[in-house]
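FYI, it's all coordinate maths here, none of it is from the lab. These numbers come from a predicted model, not from an experiment. For neighbour counting, all protein chains shown are included, and Cβ atoms are generated from backbone atoms with ideal geometry for every residue, glycine included.
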Amino acid sequence: MMRTGAWIIGIWLTLSLGGAFLVWANRPDRPVVYHATRRLGPAHRIVAADLRPEPPAACALLGGYVRDAAIEEGDRVRPEYLTTSPRIQISPGHLPAFVRLTRELADALNADSYVDVWLGDKPLLSDTKVQAVVCGSGVCSAVFAVEPPLVSDMKNPDLKILIRLY
């Protein structure tokens with residue numbers, strides 16, 4: 001009889017502790033930990049596809065920019081690794097040029113994307129790195145480092161951006 005009682009108490013303790021753990025692990029105020037789904041380089045704008053598990057639209061990480069050090073695939077993405085604006089370094093002899101993007105292009109491009117930029121049948125930039133994608137008030141723009149003579153052409157609203165896939 002003593003053995004049966006010990007087994008019952010043991011099972012009861014195991015179920016009670018397991019249930020308490022499940023309640024604790026699934027509490028609504030528990031912070032969600034997000035991990036990078038791919039390598040996120042400096043100035044990368046965080047979008048939902050960059051995080052696992054998929055974040056809600058109100059997630060504070062979305063729209064933030066990776067600071068100076070890259071976040072490797074699988075690493076935890078923490079708020080302190082991000083900043084509210086990208087840090088862009090334009091090399092000497094170049095100027096920043098902002099090109100307005102459609103929502104689809106803003107979602108597809110990011111820092112370190114490579115593109116071709118055309119004005120009609122004239123190529124302006126070929127295999128050029130996007131320095132950053134900046135968004136504000138519902139408008140997004142790609143930032144490029146260009147030589148001074150190209151800055152005025154880059155303001156033309158009829159530019160075509162072709163994404164390079166490698």
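A few notes on this one:
- Burial ordering of ILE9, ILE71, fewest other beta-carbon atoms within 10 Å first: ILE9, ILE71
- One decimal place: the segment HIS35-ALA48 gains 3.6 nm when fully extended, by the rule 0.36 nm per residue minus the C-alpha distance.
- Rounded to the nearest angstrom and listed largest first, the equivalent-ellipsoid semi-axes of the chain from its Cα gyration tensor are 51, 14, 13.
- Among LEU15, ALA97, PRO56 - extreme Cα towards positive end, dipole of the chain, charges at beta-carbon: LEU15
- Degrees, to the nearest 10: 2-25 long Cα axis against longest axis of the chain: 20 degrees
- Ranked packing of 39-51, 146-158, 124-136, most packed first, by mean Cβ within 10 Å: 39-51, 124-136, 146-158
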